[in-house]
Amino acid sequence: MKKLKVFETFAGIGAQNKALTNLFNDEVLVKNNGLENKHFEVVGTSEWYIDGIISYDAIHHGKQNTFPNYKELNKEEMLSFLKDYDLSKDSKNLYPFNSIKKLSFDRVRQIFIALKRNKNYGSILNIKGKELPKIDMLTYSFPCQDLSNIGKGKGIKKNNQDDCNTATRSGLLWEIERILFELKELNKLPKFLVMENVKALIQKNHYPDWLIFEKNVLEKLGYKNTTMVLNALDFNIPQNRERVFVISELNGISNINVESFCRWTTGVGKFLDWSNNKYKEEYLKTIPNNTPSRKKMWEKSKQIFEDTIHFQTITTKQDRHPNCGNIYFPNKEVQLKDGVEILKSQYRFITPRESLLLMGFTNKDYEILLDINMSKDEIWKQTGNSIAVNVLEGIFLSILRRF
């Protein structure tokens, strides 16, 4: 059996792993596309955000108590392993090792097992080409903070720093340049590369810098690049999420075309199963207070009803504008303030469960994250930073046909 060996940089919660798993679990799709003698293996990941690492592990590997010698693990031995990793508590700043040492035994064990099972090679800044296994496909959805309209627009200028705390987040793209040229020296370049980011990357302000990467790195190394803007709506997800993707094939001679599945045209209420009363408690937890600022947010945001066709792009936070849309939800919930009952808003945000579903993950994935006590805000953050799984399925299917 021919196995596609995949390395996920900036791995997050593993949308790439999820998409490939979905593809090979679909027996009809496998048969119709001649994939019977093909499969995939994630041979490594790179991620430094602790909660993202833990969520990835939980979603893709299940409960940690199946890990060998789970009950006999020693904290000092685990810390000895962790000291070689640069990790972050907030996804932005380095978490000092002295702080990691103070974490509870259970937390240290959780991080240790997640790193092991994820085959995590650590921060992108610390990855060395000579240490990597054979890779057929490398994915690099580098941070978008300095590209997106919500961010400060610093762009993808090359970093001069080697410090996780000071490096421009989107400028971490250039670590991919370093790794690829190291792999070139070892004659180990991946056959395929897949890049995903916000559409602003190929628009006026940032496109010249991206072209430098494309010309001086990808083309120089021998990659044929296919650039496209794909929308989750065209892959049966009711979210208007346009993202730019670049598929690069080493020594490729033609573009790799990606076919959409089908465009979502039905109300969002059906997709999210709003007729199911068991989710009502989750809805109630996302109703904001009835303040002037929240009233203004309802007026400015996309207003979502059961028959609305789609949400806007899911972001890392919901209680702000812009967000993906606010859902009309008349209710009689009240809050107590100084002993006075005040009616809460007549709308709600999407729930963490819904945010996962709208990114192509499942109810089971949500239950898994709930089981490991991942917070509401944390799930929102992780899904906003992820990639629409259904879109990746279309991309990977096209790549597998050539592999």
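Taking PHE97 as the residue in question, decide whether it is surrounded by fewer than 18 Cβ atoms within 10 Å (Cβ to Cβ) and not charged (D, E, K, R).
yes
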Note on GLY62: of the conditions (1) of a type outside the set (S, T, N, Q); (2) touching a Lys or Arg at 6+ places or on another chain (Cβ under 8 Å); (3) at positive phi, unmet is (2)
Note: among LYS18, LYS63, LYS75, LYS83, just one is among the basic types (Lys, Arg), under 22 Å from MET137 (Cβ atoms) and at pLDDT 95 or above, namely LYS18
When every residue in the stretch 270-316 that is among the aromatic types (Phe, Trp, Tyr) and not in a helix (DSSP H, G or I) is compared, the one farthest from TYR366 (Cα to Cα) is PHE305
Please verify whether the stretch 244-252 includes one or more residues that are out of contact with any Leu (no Cβ under 9 Å at 6 or more places or on another chain) and in contact (Cβ under 8 Å) with a residue 24 or more places away in the chain.
-> yes
ask   = When you look at LEU23, is it of a type in the set (A, V, I, L, M), over 28 Å from ILE111 (Cα atoms) and under 22 Å from the mean Cα position of the chain (by Cα), yes or no?
value = yes
SER91: passes all of (1) assigned to a loop (DSSP other than H, G, I, E, B); (2) more than 21 Å from LYS18 (Cβ to Cβ) but (2)
message: Among the residues of the stretch 345-356, are any without any contact (Cβ under 8 Å) to a residue 40 or more places away in the chain, in contact with a helix residue (DSSP H, G or I) (Cβ under 7 Å, 6 or more places away or on another chain) and aromatic (Phe, Trp, Tyr)?
response: no
A careful count of residues in the stretch 103-131 that are under 24 Å from PRO68 (Cα atoms) and assigned to a loop (DSSP other than H, G, I, E, B) gives 6
Residues in the stretch 243-269 that are closer than 19 Å to LEU230 by Cα, in a loop (DSSP other than H, G, I, E, B) and hydrophobic (A, V, I, L, M, F, W, C) total 4
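If you check LEU218, LEU211, LEU193, which single one turns out to be in a helix (DSSP H, G or I) and at pLDDT 95 or above?
Working: LEU211 fails: at pLDDT 95 or above; LEU193 fails: in a helix (DSSP H, G or I).
Answer to the check: LEU218.
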What about LYS184, is it farther than 30 Å from CYS324 by Cα, assigned by TED's automatic domain parsing to the domain that holds PHE213, part of a loop (DSSP other than H, G, I, E, B) and modelled with pLDDT of 65 or more?
no
From the option list ASN257, ASN197, ASN205, ASN216, single residue qualifying as of a type in the set (S, T, N, Q) and buried (at least 20 other Cβ atoms within 10 Å of the Cβ) is ASN197
Screening ASN277, ASN255 for residues that are in the same structural domain as LEU20 (by TED's automatic domain parsing) and either farther than 25 Å from LYS130 by Cα or small (Gly, Ala, Ser) (or both) leaves only ASN255
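If I filter the stretch 350-363 for residues that are at pLDDT 95 or above, assigned by TED's automatic domain parsing to the domain that holds GLU299 and of a type in the set (D, E, K, R), do I get at least one hit?
Yes, that holds for at least one residue.
The values are calculated or read from the model by the stated rules, or taken from the named source; none is laboratory data. In this text, all values refer to a predicted model and were calculated from it rather than measured experimentally. Because the Cβ atoms are built from the backbone with ideal geometry, glycine has one as well, and the counts that use them run over all protein chains shown.
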